[in-house]
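Everything on this sheet refers to the single structure shown next.
The values are calculated or read from the model by the stated rules, or taken from the named source; none is laboratory data. Everything numeric in this text was worked out from a predicted model, so none of it was measured. All Cβ positions, even for glycine, are placed from backbone atoms using ideal geometry, and neighbour counts span all protein chains on display. Side chains included, ligands, DNA and RNA excluded: accessible areas come from the protein's heavy atoms. Shrake-Rupley method; radii C 1.70, N 1.55, O 1.52, S 1.80 Å.
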Amino acid sequence: MINYNGRTFVSTSNTENGEVSSKTYFEYSQEDNILTADYGGGEIVKGRLVGLVSEDGSLKFRYNHVNTENELRGGECISTPEVLDNGKIRLHEKWKWLYKEETEGSSVVEEV
């Protein structure tokens, strides 16, 4: 199992309907198989996610944040890890907003 504790990630790509950008940083913590992260930057003022780490290192989590328009937004995400040649992790994410339009998207975040 991959341990995400103490790792920092930044977004490298996102679909147009997402709010995470290259200015958004995620600070991950992990206890056993429980994952949490604080995130912010760009359009995100403050965010938090909580989820589970699977045996294969994949993640399933829910996220909530306040954006620069002072809106509360949230959704769910499934992330699949890719371990890079330098040992850092790239996460391929499939997410869905859980309010209003309930649109879906995909994004990539990489460990810095």
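Summary table
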item	result
Candidates V83, V66, V53, ranked by Gaussian network fluctuation over the chain, Cα under 10 Å, top entry	V83
5 angstrom amide H check on L98, placed H, neighbours 5+ away	G74, G75, E76
Cα pair distances in the chain, grouped into 10 Å bins until the bin that holds the longest one, percent each	15, 52, 28, 4, 0
Sparse-neighbour loop sites [trypsin sites (Lys or Arg not before Pro); the range 6-89; at most 12 other C-beta within 10 Å; DSSP]	K23
Stretch gain in nm, segment E101-T15, where the contour uses 0.36 nm per residue and the Cα spacing is subtracted	29.5 nm
Most mobile listed residue (G47, G57, G87) in the chain, GNM with C-alpha springs under 10 Å	G87
Stretch gain in nm, segment D85-T8, where the contour uses 0.36 nm per residue and the Cα spacing is subtracted	26.0 nm
R62 paired with D38, simple spin-label distance in nm, labels 7 Å along Cα-to-beta-carbon	2.1 nm
Most mobile of Y28, Y63, Y99 in a GNM of the chain (Cα contacts under 10 Å)	Y99
I2, I34, ranked by accessible area, largest first (probe 1.4 Å)	I34, I2
